[in-house]
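Written below as structure tokens is the structure these notes are about.
Just so you know, all these numbers are worked out from the coordinates, no wet-lab data involved. Fair warning: this is a prediction, and the values are worked out from it, not measured in the lab. Neighbour counts are summed over all protein chains in view; Cβ atoms, including those assigned to glycine, are modelled from backbone coordinates with ideal geometry.
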Amino acid sequence: MWYQFEKGGFGVKSLLTRRSVLRTTIGAAGGLVGTALLAACGGAASVTATSSTAVATTAAPTTASSQVATSASSAASAVTSTATAATAAAPTSTSAAAVPAPANGQLLLLLEADDNQRKVWQQVVDAFHQAGHKPPVELANPSDIYTKFDTMVAGDAGPDLFAGFETKQLPHYAGAGVALNMDPYVGRSTTIKPADFFAFTWSKHVINGHLSAMPTNNAPLGIFYNKDLFQEAGVTPPPKQWGAKGWDTATFLDTAHKLTKTTGSKQQWFSSWSTWWVYVLPWVWANGGHLFDATISKVLVDAPEVVSSFQWLADLTWKEHVQPTPDETKSAKPSFVNGTLAISGTTENSAPGYLQTIKSFQWDVAVMPTGTAGVWTRDPSNSAIAWSGTKQPDATWELAEFMGGDDGQLVIGLGGNGVPARVSAARSPKFLNQPNGVDWQVFVDAIEHEGIQPITDNFPTVDSTITKQTAPLWANQQTAQQAMTTLKPLLEQLLTQAKYRRDRTGLWQDKGWAATTTG
């Protein structure tokens, strides 16, 4: 194992997490406002920490765990001097510093979670102990989570397990030797097998050929729509079946015009789609395009299929006028929550927030429209990453294994922390037929239609570069062709600096959608 340090602290210097969607999509993705919606998007609250009351019983380490611990210890020793400097340089905060050191024999579970999501993780830990597992667990959900994680690891005091960890960060952290290689544990587990999980989901957790984190949940993108507005306009609502005949991009645009009213006393628009580029990907894929090739070694952003997709989405605002302009957004404050946007294109993580905040109209969920190359969605996944330097690898695996098993997966799903990563839990009647009335089948089926997001170990820089260079397009200051022509050489330079890439070769599709991906 080895660690890689960067100026200003360990690991990622600037990070765009799912919480950042709020900044892009307050109103834009349909009114993601307030703390309830922040919870749906994974916003972290001020740090608190609690311990479970179970009594620890420490068994003698197995041969495999002893080898893992020895390897991790050697890695930590090798970087002691660098870690000291990095820790001193890393940014700190009062809440981050408040994470307590766990007691001897106690597991520290770090969480990217707000207080509502934290409660679900506490339920997972409670179920873990109710099932007879002994290791006590302390939970902590600090703000500025990745900076805190970097600082802890640099100081050789990382958490045993980090849940809510975004898989798009894995190439960086696994490549730097931070993630515990779970292969030896999977090899002897009767609970965790690759075929038990959605194949796409499992693949996101495999870096350099090794399972680098436990799959926990998915957050596929779908369409939330205002049933009342569709009924008032006499428009057929979008379907719930992915690839349904008649629901294509042309129908989407026609529906958009029928649901937009910008004259008279009441103003409403069809949508305000997020301009964060990852939310544009389903439209690109449906049009037969990809930003990079299968090996993430060639930049394709100037391909006609990519350029036309970005331009089409910008035209929804500036040409078709079915989305509010920035000035209209500022003055009218349209959002899905207040009933002035007919749809919200966002992930299923918004469902718990919508259930809490929307009382004035009925809403439902639907699928993305089909393009010339099929129907696609994006599906950010979260995981539980075990620190390679944990002093308790066996106990850490025991908790991670429970999270990936049927019981842990159902607690995660029923608590509103996403679609379970495990097929049996996601397709179980308990998850699909919840009393909250949400049609979860739409989101479970969505996993079979996700494209593989291109991820490298320098993803934050790639992310910020694409975001910055496409901003003039969304402001109607450049065409998509101009933006992509400028963007391409910048991305080509970044690819030469990337050391690790998400392996997409086994599942990547050139065009369309071929077959089911479950094992």
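General observations
- Per-residue extension of 0.36 nm, minus the Cα-Cα distance of Q241 and A131, leaves a gain of 35.9 nm for this segment.
- Applying 0.36 nm per residue to the separation of S331 and D293 and subtracting their alpha-carbon distance, the gain on full extension is 9.5 nm.
- Residues whose amide H falls under 5 Å from that of L211, counting only those 5 or more places apart or on a different chain, are M182, D183, with hydrogens built in the peptide plane.
- As a rough guide to protection, the peptides 177-190, 397-410 ranked by mean Cβ packing within 10 Å, highest first, stand as 397-410, 177-190.
- Karplus (6.51, -1.76, 1.60) ³J(HN,Hα), θ = phi - 60°, over the stretch 364-381, in Hz, Gly and Pro reported as x: 8, 10, 8, 9, 6, x, 8, x, 5, 10, x, 10, 9, 8, 10, 8, x, 10
- The stretch 269-401 - percent relative contact order, Cα under 8 Å, separation 6 or more: 31
- Gyration tensor (alpha-carbon) shape descriptor, the stretch 348-473, a/c threshold 1.5: oblate
- Residue-wise HN-Hα coupling along the stretch 297-309, computed from phi with Karplus coefficients 6.51, -1.76, 1.60 (Hz; x: Gly, Pro): 10, 10, 8, 10, 5, 8, 5, x, 5, 6, 4, 5, 5
- Applied to the stretch 232-238, the Karplus parametrisation 6.51 cos²θ - 1.76 cosθ + 1.60 on θ = phi - 60° returns per-residue 3J(HN,Hα) values of 4, 7, x, 10, 5, x, x Hz, with x for Gly and Pro.
- Size of charge dipole - the stretch 103-151 - debye, nearest 20, with Cβ of Lys, Arg +1 and Asp, Glu -1, no other charges: 220
- L432-K266 pseudo-label distance in nm [points 7 Å out on the Cα-to-Cβ vector]: 3.6
- Pair N476, K119: separation of 7 Å Cα→Cβ label points (nm): 4.4
- Amide H within-cut-off set for K261, under 5 Å, with H built and near neighbours excluded: Q268, W269
- Under-5 Å amide H pairs with W387, H placed in peptide plane, nonlocal only: L161, F162, L180
- 16 Å Cα-Cα reach of K119 towards aspartates and glutamates, excluding residues that sit fewer than 8 places from it in its own chain: E138
- Within straight-line reach of K499, meaning a Cα separation under 26 Å, sit the following lysines at least 8 residues removed in sequence or on another chain: K7, K13, K148, K168, K204, K298, K468, K488.
- Percentage relative contact order, the stretch 99-184, counting C-alpha pairs under 8 Å, at least six apart: 39
- Within straight-line cross-link reach of K227, lysines at Cα separation under 24 Å, skipping those fewer than 8 residues along the same chain: K240, K245, K258, K261, K266, K333, K359
- For the pair A233 and A195 in one chain, pulling the backbone fully straight at 0.36 nm per residue adds 9.1 nm over the alpha carbon distance.
- The value of relative contact order for the stretch 334-455, using C-alpha pairs under 8 Å at least six residues apart, is 27 percent.
- Gyration tensor (alpha-carbon) shape descriptor, the stretch 299-354, a/c threshold 1.5: oblate
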